[in-house]
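Undergrad: Structure below; questions to follow.
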Amino acid sequence: MAAPDAGRHAQNDGCRTLSLSAHVGFDSLPDQLVRKSIKHGFCFNVLCIGETGIGKSALMSSLFNTNFEDAPSTHFLSSVQLRAQTCELQESNVLLKLTIVKTVGFGDQMNKADSYQPIVDYIDAQFEAYLKEELKVIRSLFSYHDTRIHVCLYFISPTGRCLKTIDLLTMRSLDSKVNIIPVIGKADSISKAELEEFKKKIMSELISNGIQIYQFPTDDETVSEINTIINGHLPFAVVGSMEKVKIGNKMVRARQYPWGIVKVENESHCDTVKLRRMLCTNMEDLREKTCAYYELYRRCRLEKLGCRDIGPENKPISLQEVIEAKRLKFFLEMERKEEEIKQRFVQRVNEKAAMLEEAEQQASMPVCLEFVF
Ligand SMILES: Nc1nc2c(ncn2[C@@H]2O[C@H](COP(=O)(O)OP(=O)(O)OP(=O)(O)O)[C@@H](O)[C@H]2O)c(=O)[nH]1
Ligand SMILES: [Mg+2]
């Protein structure tokens, strides 16, 4: 009988692919995984970056169909801060532990040059916390609340012009740490024709500035077609609302104006529903890519601490050898310091002895009376 997967067979050197003579039962493994995952629940962490009042809270409430109680932020902070809110949501039998982190005071300072720094620090702090847990002797990663950011929704102001310097600086400093999805906030304030032009301008500016944004995966055939289309329509033009309006006999999330109603859930009015759908269908990919960003962080951190997989002679090196080498280096350094202190001490004692001898010699000299009178 031919091997079921010749490619996989070729990779597994020394491992033969055999056929079963009867049913064994390990084909239930995927089902066991699904049951276990559902029981454990899922966690998803969203970071919203955008200037004060751009519509972060309204969009979150609209995306997750939940009114998150969230007070408006002040405009008078001297630096950018981050505010996190965690809640549990349940849909059918699936439990989602959702953390929404929002910037507070973003873009409100006179000097915006390093507005991105607190955000970078926050993302790194979540990676560091995970690394700490991973390196513990007694660790509990299964029950650990993973706070690493899975997606960053970057709110662009609906100016119709170009990206601001603060947008470029912030996205550039984050694109190697987090999945960035750009969104145009309050997209109902820009006309349809202007919006298309604005989207193109934003994408060309991101490309010319070498900023990498999240690309929905196209390698899974079940979602490749829709993901390819959406990748070509970024950024999402979003509209959010905290309120529901009665239309016919239905209450829908919408924004009511003297000239008409913008329906959040209507795909010809805005991309909010598209964004929600894309987040939900690609949640696992976002989580996986976050792990890849974390791997990068972990690698840099461990290398800085002196950990290596390959030793000086290009041979694999074990953790024990790394620790021994570190300990030896530390010991030699301590010895060198001790010797240095000893020598400095001897030198100072000699100097003092010489000074005392000189003082003694001067004291024993006969006093010249002639000079006195
Ligand atoms: N036109 C329009 N207004 C919106 C939209 N989303 C929110 N708003 C309004 O903008 C104001 C601020 O909305 P929020 O959602 O509180 O904005 P925010 O970014 O969370 O504000 P802070 O948390 O204070 O920074 C409110 O008056 C909202 O009704 C939108 O899509 N279009
Ligand atoms: Mg808010």
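Undergrad: Would you be so kind as to identify which of C43, P30, G248 lies farthest towards the positive end of the dipole of the chain, taking Lys and Arg as +1 and Asp and Glu as -1 on Cβ and the Cα centre as origin?
TA: It is G248.
Undergrad: While we're looking at this one, here's another question. Does the stretch 206-257 come out rounded, prolate or oblate by the C-alpha gyration tensor, with a ≥ b ≥ c the root eigenvalues, rounded set by a/c under 1.5 and, if not, prolate when a/b is larger than b/c and oblate if not?
TA: oblate
Undergrad: Quickly rank 133-139, 96-102, 280-286 as a protection proxy: mean count of other C-beta atoms within 10 Å, highest first.
TA: The packing order, highest mean first, is 96-102, 280-286, 133-139.
Undergrad: Now a separate question. Along the stretch 157-164, what does the Karplus equation 6.51 cos²θ - 1.76 cosθ + 1.60 (θ = phi - 60°) give for ³J(HN,Hα), rounded to whole Hz, x for Gly and Pro?
TA: 5, x, 7, x, 9, 9, 6, 7
Undergrad: Turning to a different aspect of this structure: Skip the ligands, DNA and RNA, and give the accessible area per residue of the stretch 216-359 with a 1.4 Å probe, whole Å².
TA: Each residue of the stretch 216-359 exposes 74 Å² on average to a 1.4 Å probe.
Undergrad: Would you list D13, D167, D114 from the most to the least accessible area, probe 1.4 Å?
TA: Ranked list, largest accessible area first: D13, D114, D167.
Undergrad: For the stretch 284-350, evaluate the Debye formula with one uniform point scatterer on each Cα (no solvent term) and list log10 I(q)/I(0) at q = 0.14, 0.17 Å⁻¹, rounded to two decimals.
TA: -0.66, -0.78
Undergrad: Still on this structure: How fast does the stretch 250-299 diffuse by Stokes-Einstein, in µm²/s, taking the Kirkwood radius from C-alpha pairs at 25 °C and 0.890 mPa s?
TA: It diffuses with D of about 181 µm²/s by this estimate.
Undergrad: Find how much the distance from L356 to H145 grows on full extension, using 0.36 nm per residue of separation minus their present alpha carbon separation; answer in nm with one decimal.
TA: Between L356 and H145, full extension yields an extra 69.2 nm.
Undergrad: Express the relative contact order of the stretch 194-316 as a whole percentage, based on alpha carbon pairs under 8 Å and six or more residues apart in sequence.
TA: 14 percent
Undergrad: Order S189, S140, most accessible first, counting only protein heavy atoms with a 1.4 angstrom probe.
TA: These residues rank, largest area first, as S189, S140.
Undergrad: With the Cα gyration tensor of the stretch 153-223 giving a ≥ b ≥ c as the square roots of its eigenvalues, does the rule (a/c under 1.5 for rounded; else a/b larger than b/c for prolate; else oblate) give rounded, prolate or oblate?
TA: It comes out oblate by the Cα gyration axes.
Undergrad: Just to verify a number: FRET efficiency for T66 and I310, C-beta to C-beta distance, R0 = 41 Å, to 0.05?
TA: 0.25
Undergrad: Not counting ligands, DNA or RNA, and with a 1.4 Å probe, what is H269's accessible surface area in Å² rounded to the nearest 10?
TA: 80 Å²
Undergrad: Leaving out ligands, DNA and RNA but keeping every protein chain, what accessible area does F331 have, in Å² rounded to the nearest 10, with a 1.4 Å probe?
TA: 120 Å²
Undergrad: For the chain, what is the calculated [θ] at 222 nm in deg cm²/dmol (nearest 500), taking -39500 (n - 2.57) for each run of four or more DSSP H residues and dividing by its residue count?
TA: Counting only the DSSP helices, I get -14000 deg cm²/dmol.
Undergrad: At q = 0.12, 0.19, 0.21, 0.24 Å⁻¹, what log₁₀ I(q)/I(0) does the stretch 68-141 have when each alpha carbon counts as one equal point scatterer in the Debye sum?
TA: Here log10 of I(q) over I(0) equals -0.52, -0.93, -0.99, -1.08.
Undergrad: How many nm is it between the label spots at V120 and S204, if each spot is 7 Å from the Cα in line with the beta carbon?
TA: Those two pseudo-labels are separated by 2.9 nm.
Undergrad: Dipole of the stretch 64-166 (Lys/Arg Cβ +1, Asp/Glu Cβ -1, origin at the Cα centre): which of Q81, C162, I138 lies farthest to the positive side?
TA: C162
Undergrad: Then there's this: Which peptide among 107-113, 225-231 comes first, and what is the full order, when sorted by highest mean count of other Cβ atoms within 10 Å?
TA: 225-231, 107-113
Undergrad: Could you give the distance between the Cα centres of the stretch 184-249 and the stretch 328-362, to the whole Å?
TA: After rounding, the separation between the Cα centres reads 71 Å.
Undergrad: Regarding the stretch 238-324, what are the three Cα extents along the principal axes, ordered largest first, in Å?
TA: 75, 20, 17
Undergrad: Keeping all protein chains in place and using 1.4 angstrom, which order do F198, F26 fall into by accessible surface area, from largest down?
TA: F26, F198
Undergrad: Modelled label-to-label distance, K329 and V349, 7 Å Cα→beta-carbon offset: nm?
TA: 3.4 nm
Undergrad: Percent of Cα-Cα pairs per 5 Å bin, from 0 to the last occupied bin, for the stretch 195-236, please list those.
TA: 5, 23, 25, 22, 15, 8, 2
Undergrad: Given just the C-alpha atoms of the stretch 156-301, how large is their convex hull per residue in cubic angstrom?
TA: It is 145 Å³ per residue.
Undergrad: In addition: How much area per residue is accessible in the stretch 75-128 when the probe is 1.4 Å and only protein heavy atoms are counted (Å²)?
TA: Result: 55 Å² per residue.
Undergrad: Another one. How large is Rg over Rh for the chain, taking Rg from the Cα atoms and Rh as the Kirkwood inverse mean of 1/r across Cα pairs?
TA: 1.22
Undergrad: Would you kindly calculate the translational diffusion coefficient of the stretch 1-121, applying Stokes-Einstein with the Kirkwood radius from alpha carbon pairs, for 10 °C and a viscosity of 1.306 mPa s, and quote it in µm² s⁻¹ without decimals?
TA: Approximately 83 µm²/s, per Stokes-Einstein.
Undergrad: Which order, highest average first, do 305-312, 52-59, 272-279 follow once you tally other Cβ atoms within 10 Å for each residue and take the mean per peptide?
TA: The most tightly packed comes first, giving 52-59, 272-279, 305-312.
Undergrad: Do you know the relative contact order of the chain, to the nearest whole percent, from alpha carbon pairs under 8 angstrom that are 6+ apart?
TA: 14 percent
Undergrad: Specify whether the C-alpha gyration tensor of the stretch 219-373 places it in the rounded, prolate or oblate class, a ≥ b ≥ c being the square roots of the eigenvalues: rounded for a/c under 1.5, otherwise prolate if a/b is larger than b/c and oblate if not.
TA: oblate
Undergrad: Could you tell me what percent of the DSSP beta bridges with both partners in the chain are antiparallel, to the nearest 5?
TA: 55 percent
Undergrad: As a test of the definition: which semi-axes, in Å, follow for the stretch 54-183 when you take the square root of five times each eigenvalue of its alpha carbon gyration tensor? Largest first, please.
TA: Computed over the stretch 54-183, the values are 27, 20, 14 Å.
Undergrad: Find how much the distance from C87 to K36 grows on full extension, using 0.36 nm per residue of separation minus their present alpha carbon separation; answer in nm with one decimal.
TA: Gain in length upon complete extension: 16.3 nm.
The values are calculated or read from the model by the stated rules, or taken from the named source; none is laboratory data. Quantities reported herein were computed from a predicted structural model and do not represent experimental measurements. Using ideal geometry, Cβ is built from the backbone for each residue, glycine included, and neighbour counts are taken over all protein chains shown. Side chains are part of the model used for accessible areas, which takes the heavy atoms of the whole protein and leaves out ligands, DNA and RNA. Shrake-Rupley method; radii C 1.70, N 1.55, O 1.52, S 1.80 Å.
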